[in-house]
Amino acid sequence: MASTGMQIFGFVLALLGIMGAMVATLLPNWKVSADVGSNIITAISQMQGLWMDCTWYSTGMFSCTLKYSVLSLPAYLQTARTTMVLCCVMAAMGLCLASLGLKCTRWGGGRRSKRHAAIASGGCFVAAGFLCLVPASWFTNEVITNFLDSSVPESNKFEPGGAVYVAFVSAGFLFVGGVHLLYLLQQQQELQHQYCSLSPLDNKTGYSLQDYV
């Protein structure tokens with residue numbers, strides 16, 4: 001049988017994954033400027049995220065500008081927005097279903113209902129991990145391709161920021177948490193099938209005089 005502790009471990013991994021995915025979605029440093037200017041009137045650091053662009057100036061000022069126009073954004077940025085939001089929604093649904101499917105909770109119905117809820121939660125976590133991995137990979141590829149392009153000026157080159165790494169780690173947590181829950185349920189079903197397939201003689205735990213008469 002799948003132990004309660006192992007289920008809680010998978011739930012905690014998925015919880016860390018959704019927290020990281022939400023933080024990565026909101027962070028403005030999906031890519032950061034690779035060139036630092038020396039002029040006092042120019043920006044010394046630029047960050048671009050999914051929802052806003054931020055700039056640090058050498059004078060110590062910091063300003064951010066929201067990206068209001070969606071249609072003016074490149075395809076990879078629009079995709080990253082959509083998939084990260086879907087990832088957070090899918091992971092939140094997985095957490096709700098996992099709270100019903102955990103053996104340590106009192107709600108969620110009987111064993112069959114809890115098992116179905118746990119299976120659905122594992123599937124949601126795996127799907128959320130995939131939705132988090134796709135934008136992080138595509139975004140990283142676009143940044144690296146633009147950085148290696150010799151026709152792009154040095155001042156317009158960027159490198160992957162901390163939010164991208166947070167997204168990769170979050171995707172890993174969601175994948176591992178979802179697969180962990182599904183694997184535990186598969187083991188539980190196999191053990192139940194083996195137990196039910198035993199003959200009545202194999203299920204006896206003691207001796208009977210009728211077996212020797």
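The values are calculated or read from the model by the stated rules, or taken from the named source; none is laboratory data. Being a predicted model, the structure only gives us computed values, none of them experimental. Glycine also receives a Cβ, built like all others from the backbone with ideal geometry; neighbour counts cover every protein chain displayed. Please note that ligands, DNA and RNA were not included when accessible areas were found on the heavy atoms of the full protein model with its side chains. Shrake-Rupley method; radii C 1.70, N 1.55, O 1.52, S 1.80 Å.
Of a type outside the set (Lys, Arg), within 12 Å of the chain's Cα centre (by Cα) and open to solvent by 60 Å² or more (accessible area, probe 1.4 Å), is that true of PHE130?
Criteria met by PHE130.
Out of ASP202, ASP211, I need the residue that is of a type in the set (Asp, Glu), out of contact with any Pro (no Cβ under 6 Å at 6 or more places or on another chain), outside any helix (DSSP H, G or I) and at pLDDT below 55. Which one?
ASP202
So, in segment 82-113, exactly how many residues are aliphatic (A, V, I, L, M) and in a loop (DSSP other than H, G, I, E, B)?
So the answer is 1.
In this structure, is VAL89 in contact with a helix residue (DSSP H, G or I) (Cβ under 7 Å, 6 or more places away or on another chain), free of Cβ contacts under 8 Å to residues at least 12 places away in the same chain and open to solvent by 40 Å² or more (accessible area, probe 1.4 Å)?
So VAL89 fails the test.
For segment 42-69, which positions are open to solvent by less than 70 Å² (accessible area, probe 1.4 Å) and free of Cβ contacts under 8 Å to residues at least 12 places away in the same chain?
Scanning segment 42-69 gives GLY60, SER63, SER69.
Only one residue in SER121, SER170, SER150 is open to solvent by 30 Å² or more (accessible area, probe 1.4 Å) and not charged (D, E, K, R), so which one is that?
Going through SER121, SER170, SER150 in turn, just one is open to solvent by 30 Å² or more (accessible area, probe 1.4 Å) and not charged (D, E, K, R): SER150.
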